[in-house]
Amino acid sequence: LDIEDWLFYYRNADFILTDSFHGTCFAIIFKKPFISIANTRRGDKRFVSLLKELGLLERLVYDPARIGQDKTLFQDIDYEKVYRILDEKAAFSREWLRQALLAPKPKASDLFRTVDGKINETTQQILRLQKLIYDQGQQLERLNRLLEKKEGNP
């Protein structure tokens, strides 16, 4: 099918049964009753994530045999509630994006100073660790000499 035909059939469907994530998304966009069949080989995490966020996780089945047995899968979907959630998520995303775009951007020189500061800080930590290791080595040598004297070895 051409994409236009595919969308036409989705928009005009009475019910959608799909194992496609995009098919699930279009069922929601067109406010259609649907059942999604999870395909663990192609990945079910995005199905779970989307449907859980929208309160529609019960529409996801892992065993297609369940479809004929579970009448709750055919209950109406409260799309007002679903779209309230979608609207809230979209508003949050738009605000996050707006804040990110309007936030003052650091100058390259500021970034350089920050990175340079981190390098200096890390260098100082390395030098302190090297001194600590050296001091421990010196103490170990002194202990070995004391043990040798105690055992009678010159």
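Whole number in Å², please: accessible area per residue of the chain, 1.4 Å probe, ligands, DNA and RNA not counted.
For the chain, the solvent-accessible area averages 79 Å² per residue.
Quick one: pull the percent of accessible area on the chain belonging to carbon and sulfur, 1.4 Å probe, ligands and nucleic acids left out.
Ligands and nucleic acids excluded, carbon and sulfur give 58 percent.
For the chain, what is the calculated [θ] at 222 nm in deg cm²/dmol (nearest 500), taking -39500 (n - 2.57) for each run of four or more DSSP H residues and dividing by its residue count?
-21500 deg cm²/dmol
If I stretch the segment between K45 and D76 completely, what's the gain in nm (0.36 nm per residue apart, minus their alpha carbon distance), one decimal?
Roughly 8.7 nm would be gained on extension.
How many nm separate the modelled label positions at F15 and K52, each set 7 Å beyond the Cα in the direction of the Cβ?
2.8 nm
Roughly how many nanometres apart are two label points built 7 Å out from the Cα toward the Cβ at E4 and A65?
Each label point lies 7 Å from its Cα, and together they span 4.4 nm.
Using a Förster radius of 25 Å, what is the FRET efficiency between K31 and A103 based on their Cβ-Cβ separation? Nearest 0.05, please.
0.10
At 0.36 nm per residue, and after removing the present C-alpha to C-alpha distance, how many nm does the segment from K89 to L132 gain when stretched out fully?
10.3 nm
The values are calculated or read from the model by the stated rules, or taken from the named source; none is laboratory data. The model shown is predicted, which means the values in this text are computed figures rather than measured ones. No Cβ is skipped: glycine too gets one built from the backbone with ideal geometry, and neighbour counts run over all protein chains shown. Quick note on the areas: whole protein, heavy atoms, side chains included, nothing else; ligands and nucleic acids left out. Shrake-Rupley method; radii C 1.70, N 1.55, O 1.52, S 1.80 Å.
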